[in-house]
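Visitor: Pasting in a structure now, in structure tokens, and then I'll have a few things to ask.
The values are calculated or read from the model by the stated rules, or taken from the named source; none is laboratory data. Keep in mind it's a predicted model, so treat the numbers as computed, not measured. We place every Cβ from the backbone using ideal geometry, glycine too, and count neighbours over all the protein chains shown. All accessible areas refer to the heavy atoms of the entire protein, side chains included, with ligands and DNA or RNA removed. Shrake-Rupley method; radii C 1.70, N 1.55, O 1.52, S 1.80 Å.
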Amino acid sequence: MRHIAIFALLTACALADDSHYSFSRSVGSGYGTSYSVIGEGRIKAVRVWEIYSNYIYGFQLRYSDSGWAPVVGYVSGEPQELELFEGERIIQVSGKYTHYIQSLIFVTSNGRSLRVGEASGHSFNMYPTHPDAELRFLSGSVSGPPTALQAHWAIFYTEITDN
């Protein structure tokens, strides 16, 4: 069911006449099982686990309306975490990859960042095409730890209700 929702979202993005929705090129080997990290509301926090200060072992996103999404990869030890402030959004995902995702950097609209992992391998830099867009969800592949990563961007609209 989740794959159908992703396909519908990607189709809608491709057919849209504006650039309010975009997705970044997938990076990594792509070996393993596919995943999608999707939640309700705005992303409010990121957790990342690394192993032996070498590569990304797992990560997790927390959404404002649905809480922590399932962990992608594995959990081991204490995660490094970035809690976003009110109105702050993730506007860039960068890092390095080889067979696995070696490092991740999440950059916010306030200029803060979370840097985890070893800076070795091929570089990547993901960002939205629209200046008001933000990270909405991540997808990719896992074979134990994450082997591929793709960022999906959109403008977050809040519902306005008249009382």
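Visitor: Taking square-rooted eigenvalues a ≥ b ≥ c of the alpha carbon gyration tensor, is region 16-103 rounded, prolate or oblate, where a/c under 1.5 means rounded and, failing that, a/b exceeding b/c means prolate?
Guide: Working: a/c = 1.79, a/b = 1.21, b/c = 1.47.
In terms of gyration-tensor shape, oblate.
Visitor: Follow-up. For every helix of n ≥ 4 consecutive DSSP H residues, a contribution of -39,500 (n - 2.57) applies; sum these over the chain, divide by its total residues, and give [θ] at 222 nm rounded to the nearest 500 deg cm²/dmol. Before the final figure, lay out the partial values.
Guide: Values: 1 runs with 14 residues, N = 163.
It comes out at -3000 deg cm²/dmol, rounded to the nearest 500.
Visitor: Sticking with this structure for a sec: Taking region 31-122, which chymotrypsin sites (Phe, Trp or Tyr not before Pro) meet the DSSP loop condition and have no more than 16 other C-beta atoms within 10 Å? Before the final figure, lay out the partial values.
Guide: Working: sites: TYR31, TYR35, TRP49, TYR52, TYR55, TYR57, PHE59, TYR63, TRP68, TYR74, PHE85, TYR97, TYR100, PHE106; in loops: TYR31, TYR52, TYR74, PHE85, TYR100.
Of the chymotrypsin sites (Phe, Trp or Tyr not before Pro), the ones in loops of region 31-122 whose Cβ has at most 16 other Cβ atoms within 10 Å are TYR31, TYR52, TYR74, PHE85.
Visitor: Right, next: Counting only protein heavy atoms, what percent of the accessible surface of region 72-119 is carbon or sulfur at a 1.4 Å probe? Before the final figure, lay out each step's value.
Guide: Values: 1080 of 2410 Å².
Reported share for carbon and sulfur atoms: 45 percent.
Visitor: Which of these, ILE43, ILE51, ILE101, has the largest mean-square fluctuation under a Gaussian network model of the chain (Cα springs below 10 Å)?
Guide: Highest fluctuation among the options: ILE51.
Visitor: Work out the charge dipole of the chain with +1 on the Cβ of Lys and Arg and -1 on the Cβ of Asp and Glu about the Cα centre, then indicate which of GLY28, ALA151, PRO79 is farthest towards its positive end.
Guide: Most positive-ward Cα: GLY28.
Visitor: What number, in percent, do you get for the relative contact order of region 68-130 if the mean sequence gap of Cα pairs under 8 Å and at least 6 apart is divided by its residue count?
Guide: Numbers: 95 pairs, mean separation 19.4, N = 63.
Relative CO of region 68-130 lands at 31 percent.
Visitor: Same structure again: Roughly how compact is the chain, stated as its Cα Rg over 2.2 N^0.38 Å to two decimals?
Guide: Values: Rg = 15.3 Å, N = 163, 2.2 N^0.38 = 15.2 Å.
Rg over 2.2 N^0.38 Å, computed on Cα atoms: 1.00.
Visitor: If you plug each phi of region 141-146 into the Karplus form 6.51 cos²θ - 1.76 cosθ + 1.60 with θ = phi - 60°, what whole-Hz ³J(HN,Hα) values come out, in order, with x for Gly and Pro?
Guide: These are the phi-based 3J(HN,Hα) values: 9, 10, 9, x, x, x Hz.
Visitor: Moving on. Put HIS130, HIS99 in order of accessible area, largest first, 1.4 Å probe: what do you get? Before the final figure, lay out the partial values.
Guide: On the way: HIS130 35, HIS99 80 Å².
Ranking HIS130, HIS99 by accessible area, largest first, yields HIS99, HIS130.
Visitor: Sticking with this structure for a sec: Counting pairs of alpha carbon atoms under 8 Å apart in space and at least six apart in sequence, what relative contact order in percent does the chain give?
Guide: Result for the chain is 29 percent.
Visitor: Show log10 I(q)/I(0) for region 63-111 at q = 0.19, 0.22 Å⁻¹, two decimals, from a solvent-free Debye sum over equal Cα scatterers.
Guide: -0.88, -1.12
Visitor: Under a point-charge model restricted to the Cβ atoms of Lys and Arg (+1) and Asp and Glu (-1), what is the dipole moment magnitude of the chain relative to its Cα centre, in debye to the nearest 20? Mind dumping the intermediate values first?
Guide: Numbers: 11 positive and 15 negative charges, 108 e Å.
Taking the Cα centre of the chain as origin, the dipole is about 520 debye.
Visitor: Among VAL107, SER141, PRO128, whose Cα lies farthest out toward the positive end of the dipole of the chain, if unit charges sit on the beta carbon of Lys, Arg (+1) and Asp, Glu (-1)?
Guide: Towards the positive end, the residue furthest out is SER141.
Visitor: Under a 10 Å cutoff between Cα atoms, tell me which one of LEU135, LEU149, LEU84 has the largest fluctuation in the Gaussian network model of the chain.
Guide: LEU84
Visitor: While we're here: Please list, by residue number, every one of the GluC sites (Glu not before Pro) in region 24-104 that is coil in DSSP and has at most 10 other beta-carbon atoms within 10 Å. Intermediate results must be reported in sequence, preceding the final value.
Guide: On the way: sites: GLU40, GLU50, GLU81, GLU83, GLU86, GLU88; in loops: GLU40, GLU86, GLU88.
Sparse-neighbourhood loop GluC sites (Glu not before Pro): GLU40, GLU86.
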